[in-house]
Each structure stands twice: as C-alpha cells, then as structure tokens.
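Since the structure comes first, as structure tokens, the remarks are kept for the end.
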C-alpha cells in the first residue's frame with residue numbers, strides 16, 4: 001500500500017509536468033489526489049488494520065494509479081514525453097512495472113512474484129528472506145567473499161537471492177588464477193558442503209572443512225584415537241572460519257558496509273568493493289607496522305611517537321630487547 005501511494009504521487013508529479021505548458025489554455029486532467037491521499041491515510045494511520053481493510057485500500061490505490069497511467073499514456077501519444085526530466089522518465093518506467101506486479105498479486109491473492117520491486121528509487125533491490133530473529137527479511141546486495149591470509153577478495157555481488165553454495169567452485173578457481181595453485185584446505189559454512197562441492201574438492205586434492213556426510217561412525221577401541229583426531233581437526237576448522245565472519249563485522253562497524261548510501265546499483269557495488277579494498281590496505285599497513293616494530297626491537301632503535309591533540313605533545317618510546 002505504501003509503494004502504491006508513492007507511485008501514485010510520482011504519476012501526479014509527471015502529470016503536472018506534462019500539463020505545465022498548457023496552464024490557462026486547457027483544463028487539467030483529474031487525478032483525485034486529495035481523495036486518494038485521504039483513503040490512504042484512513043488505513044495507514046490505524047495501528048493494526050485487518051487483512052480486508054488493507055486489501056480494499058490496495059485496490060483503491062491500484063485504481064487511482066491506473067487512472068493516472070492512462071492519462072499519462074494519452075499525453076505520451078500527444079508527443080509530450082519530452083517535457084519530462086530523466087528522473088521522471090525513469091520513475092515512469094518503474095511505476096509501470098510496479099503497477100503490473102501489484103495488480104497481478106492483487107488479482108491472484110499472492111505475495112510473491114519474480115523480480116519484485118520494493119523501492120521506486122532503487123528498483124534493483126530485492127527482498128532476501130533470511131529468517132533471522134532480528135530481521136526476517138533483508139534488503140541489499142548479496143556478496144560472496146573469500147579470505148586468504150587476512151586479505152579479502154570479493155568474488156560475486158548480486159542483488160538477487162541465490163544459493164551461495166554454487167560459488168565455491170568459481171571461488172576456488174579464482175584462487176588458482178591468482179596464486180597459480182589450488183588451496184590445501186577450504187573452510188566454508190555448512191551450506192557449501194554439498195555433494196557436488198565435496199566431489200569437486202576431492203578431485204582437486206582439496207580438504208573441505210566439516211564432518212563427512214552420513215551417519216557418524218560408532219566409537220570403538222580401534223578407531224577412538226582416529227575419531228578424536230578428526231573431531232579436533234573439525235573444531236580447528238570452525239575456529240579458523242571465524243575470521244571471515246569477523247571480516248564482515250569489521251566492515252560493518254568501521255567501514256560503513258552496513259550503511260551503503262549510494263542509490264544506483266553500480267555505485268553501490270563500487271562502494272562495497274572500495275570498503276574491502278580499504279580493509280586490505282589496513283591489513284598491509286598493520287603488517288608494515290609490525291615489521292617496523294620488530295626490526296627496531298631487534299636493533300634496539302629508539303622511536304619517537306607523535307600524537308595529535310589540542311596541543312602538540314610527544315612521548316619517547318624505547319623499544320626494549
């Protein structure tokens with residue numbers, strides 16, 4: 001209902017722009033904007049409107065929007081499309097597709113449709129159902145990232161919901177193209193441990209983290225030490241995999257990865273990639289600083305550290321052996 005109300009307001013703005021050259025000469029086409037706004041607020045202001053009220057309000061907004069689109073179509077046939085700005089023309093294309101989707105879902109009483117539009121300003125954004133306690137549905141780009149020795153590589157960015165298990169093969173091949181050999185082991189989440197991925201890793205001599213498929217083996221005196229060793233390896237694999245989760249947390253906390261302000265799809269993707277580039281640069285700087293401190297400590301070289309503040313202050317730091 002909120003989307004249809006926004007779309008109706010966009011079409012009213014387009015109608016006003018097309019009628020601007022004819023003010024005082026022709027009568028402005030009716031849009032019933034005041035009545036449509038009143039019908040929308042009658043339901044939007046309710047705390048918990050029922051299903052029937054929401055459906056009835058959606059039907060009204062669809063009819064108001066359809067009337068505006070028909071008016072715009074007549075003006076387009078009269079060669080008035082050139083009066084629109086680029087933003088208005090883009091909104092018109094999005095609103096037409098939005099009306100088609102919402103009308104189909106309203107008539108079929110469904111809440112699902114392919115490539116569903118949830119934002120007029122960002123029509124490329126898709127709802128991704130995650131089922132988390134904090135937010136069941138998330139909006140934004142879905143990315144596949146691989147981590148090698150603390151350096152992150154963005155392998156895929158998509159605005160559609162997809163099963164990330166299909167990216168494992170391409171990520172391993174990307175690792176081979178960068179370093180000229182396959183990795184010894186891959187530490188991945190449970191969703192990546194499919195039969196297809198296990199078969200691929202086995203063919204290339206790669207150890208995929210996690211327990212094998214099937215029922216766990218029964219513990220006996222003969223295999224007790226072997227099973228204990230396997231459990232220790234699986235536990236260590238899970239610990240090693242925490243680094244990639246921490247990398248996402250670092251990007252969200254310190255590098256604005258949880259608040260992408262760009263509107264277009266390309267600029268949003270560029271912002272995401274730049275965030276990971278900056279994290280890699282910080283990793284390089286920390287490694288250089290560690291090397292410098294280690295070298296100074298080995299050679300017993302005194303360092304002077306300067307700190308910026310209200311006044312120019314400095315401290316002498318002696319690197320002890």
Residue 252 vs. criteria outside any helix (DSSP H, G or I), under 32 Å from the mean Cα position of the chain (by Cα) and modelled with pLDDT of 85 or more: no
Entirely in the range 124-241, the strands (runs of 3 or more DSSP E) that have 3 or more residues that are under 23 Å from residue 279 (Cα atoms): 142-148, 151-158
Residues that are on the phi > 0 side of the Ramachandran plot and either touching a residue at least 12 places away in the same chain (Cβ under 8 Å) or assigned to a helix (DSSP H, G or I) (or both), drawn from the range 8-66: 32
Condition met for residue 195 (surrounded by fewer than 16 Cβ atoms within 10 Å (Cβ to Cβ), in contact (Cβ under 8 Å) with a residue 12 or more places away in the chain and within 28 Å of the chain's Cα centre (by Cα)): yes
Test: residue in the range 83-100 that is under 25 Å from residue 166 (Cα atoms), in contact with a helix residue (DSSP H, G or I) (Cβ under 8 Å, 6 or more places away or on another chain) and surrounded by 15 or more Cβ atoms within 10 Å (Cβ to Cβ): no
Conditions (1) surrounded by 13 or more Cβ atoms within 10 Å (Cβ to Cβ); (2) touching a strand residue (DSSP E or B) at 6+ places or on another chain (Cβ under 8 Å); (3) closer than 25 Å to residue 211 by Cα: number failed by residue 153: (3)
Single unsatisfied condition, residue 258 versus (1) under 30 Å from residue 123 (Cβ atoms); (2) at pLDDT 85 or above: (2)
Residue 273 under 30 Å from residue 139 (Cβ atoms) and either modelled with pLDDT under 85 or part of a helix (DSSP H, G or I) (or both): yes
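The values are calculated or read from the model by the stated rules, or taken from the named source; none is laboratory data. Computed from a prediction, not measured in an experiment: that's the story for all the values here. Positions of Cβ are backbone-derived with ideal geometry, glycine not excepted, and every protein chain shown enters the neighbour counts.
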